[in-house]
Amino acid sequence: MALTNIISSFKDKNILIIGDIILDRYIFGKVSRISPEAPVPVVDVTRETFLLGGSANVAKNIIALGGKATVSGVIGNDRAGDMVRELLAGSGINIDGLIEDNRPTTVKSRVIAHNQQVVRFDHENRNRLEGKPLAVLLGYIKKALPDFDAVIISDYMKGVVTAALVKAVVRFAKQKKTFVAVDPKMGHFHLYKNVSIITPNLLEASQGSGIDIRNEAGLLSAGKTLLKRLSCMSVLITRGEEGMSLFERDGAKGIKVTNIPTAAIKVFDVTGAGDTVIAAFTLARAAGASLHDSAILSNYAAGIVVGEVGTATATPKTLLQSIRDHK
């Protein structure tokens with residue numbers, strides 16, 4: 001299947017993103033003095049910006065790539081939750097899967113002065129989601145899942161992604177053979193059993209496998225260990241400037257490994273690159289692409305966003321241009 005045909009099919013695909021929804025708050029200002037109360041800089045605030053983070057940023061990437069996205073997760077009954085709703089709706093993201101809980105909406109506030117982050121402070125409750133809120137969330141997922149072409153579980157360790165949730169999603173998805181992709185976090189690898197793919201970076205793959213990745217041998221050992229330990233279909237390890245490595249089950253032959261060199265011309269900022277990778281990969285897979293071609297497309301998408309400063313997104317137009325530029 002040609003990569004251009006895959007990209008043109010993105011617009012017909014509907015993806016459900018389950019996980020931790022975050023509101024990113026950026027406070028910009030200037031520093032010209034030190035506080036007389038403590039040896040800390042005094043920031044004169046000039047402006048504030050609010051952006052979608054966590055699983056909501058994955059959904060933004062799906063939309064930017066031309067697909068349809070619905071988020072399913074938890075927000076609080078607070079002003080931050082209202083802002084999340086507004087930002088999601090303004091981005092064209094479906095919010096039918098949102099539920100409210102008595103926990104606060106997760107907000108990461110970053111104070112930035114003279115292009116440098118001074119401090120970050122978080123408002124959040126990382127307790128495991130359980131009881132009625134979990135039941136309501138799973139009820140929505142079970143009912144809605146047949147309407148989606150694929151599922152992404154976006155784990156930021158804020159309490160939504162639990163063993164109970166992953167097991168239920170895998171069970172629901174198995175009935176319709178729905179593709180389930182997971183963007184993992186260190187410390188949670190034991191939760192991701194029997195999913196279709198996980199997309200760790202090198203550090204996450206090392207921690208998740210228990211293998212120190214220092215060379216090609218360590219990389220191969222880590223990828224194969226994760227594939228076997230989690231009983232998943234495939235593992236895509238992102239390797240920064242060295243591209244990515246795809247590990248997939250290959251029938252009686254065992255495990256097939258494909259190394260894909262980076263498509264990035266220059267690397268300025270890796271912020272949000274993992275969200276872009278899993279969004280592009282899942283859309284491609286939902287569009288009928290092979291695991292290999294899905295990885296190729298996600299590699300092109302990652303190459304686009306790391307070449308820009310700040311959280312960026314790839315689009316069908318920039319993807320097609322990147323493919324042409326690399327021929």
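Here, each number is a calculation from the coordinates, and none is a lab measurement. This one's a predicted model, so the numbers in the text were calculated from it and none came from an experiment. Note that we place each Cβ from the backbone using ideal geometry, even for glycine, and neighbour counts take in every protein chain shown.
One table, with the values for the structure above:
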{"quantity": "Candidates VAL43, VAL136, VAL71: whichever shows maximal mean-square fluctuation once the chain is modelled as a Gaussian network with Cα springs under 10 Å", "calculated": "VAL43"}
{"quantity": "Convex hull of segment 102-191 built on C-alpha atoms - directionally averaged projected area, nm²", "calculated": "7.6 nm²"}
{"quantity": "For segment 41-186, fraction of C-alpha pairs farther apart than 22 Å, in %", "calculated": "44 percent"}
{"quantity": "Fraction in percent of alpha-carbon pairs per bin - 5 Å, segment 1-122", "calculated": "2, 11, 18, 17, 13, 12, 10, 8, 5, 2, 1, 1, 0, 0"}
{"quantity": "Highest-fluctuation residue, VAL58, VAL118, VAL74 considered, GNM on the chain with Cα pairs under 10 Å", "calculated": "VAL118"}
{"quantity": "Distance between segment 107-173 and segment 1-61 - C-alpha centres, whole angstrom", "calculated": "16 Å"}
{"quantity": "Entries in LYS185/LYS327; LYS68/LYS132; LYS13/LYS176; LYS68/LYS142; LYS158/LYS224; LYS177/LYS256 that, when Cα-Cα distance is taken, lie over 24 Å", "calculated": "LYS185/LYS327; LYS68/LYS132; LYS158/LYS224"}
{"quantity": "Cut-off 14 Å (backbone N to label point 7 Å along Cα→Cβ of MET157), residues of segment 174-202", "calculated": "184-191, 201"}
{"quantity": "Estimated 222 nm signal from helices in the chain, with DSSP H stretches of n ≥ 4 weighted -39500 (n - 2.57), rounded to 500", "calculated": "-11000 deg cm²/dmol"}
{"quantity": "Relative contact order computed over the chain (Cα-Cα under 8 Å; 6+ residues apart), in percent", "calculated": "17 percent"}
{"quantity": "Neighbour cut-off at most 14 other Cβ (10 Å), DSSP loop, GluC sites (Glu not before Pro), segment 100-195", "calculated": "GLU130"}
{"quantity": "Alpha carbon Rg of the chain, scaled by the compact-globule rule 2.2 N^0.38 Å", "calculated": "1.00"}
{"quantity": "Label-point separation, LYS174 to LYS317 (7 Å along Cα→Cβ), nm", "calculated": "4.5 nm"}
{"quantity": "With Cα atoms, 0 to 90° folded angle of helix 273-286 axis to the chain main axis", "calculated": "40 degrees"}
{"quantity": "Segment 132-200: trypsin sites (Lys or Arg not before Pro) in DSSP coil with no more than 16 other Cβ atoms inside 10 Å", "calculated": "LYS177, LYS193"}
{"quantity": "Inter-site label distance for ASP12 and PHE28 at 7 Å from Cα along Cβ, in nm", "calculated": "4.2 nm"}
{"quantity": "Gaussian network model of the chain, Cα within-10 Å springs - most flexible of ASP20, ASP122, ASP293", "calculated": "ASP122"}
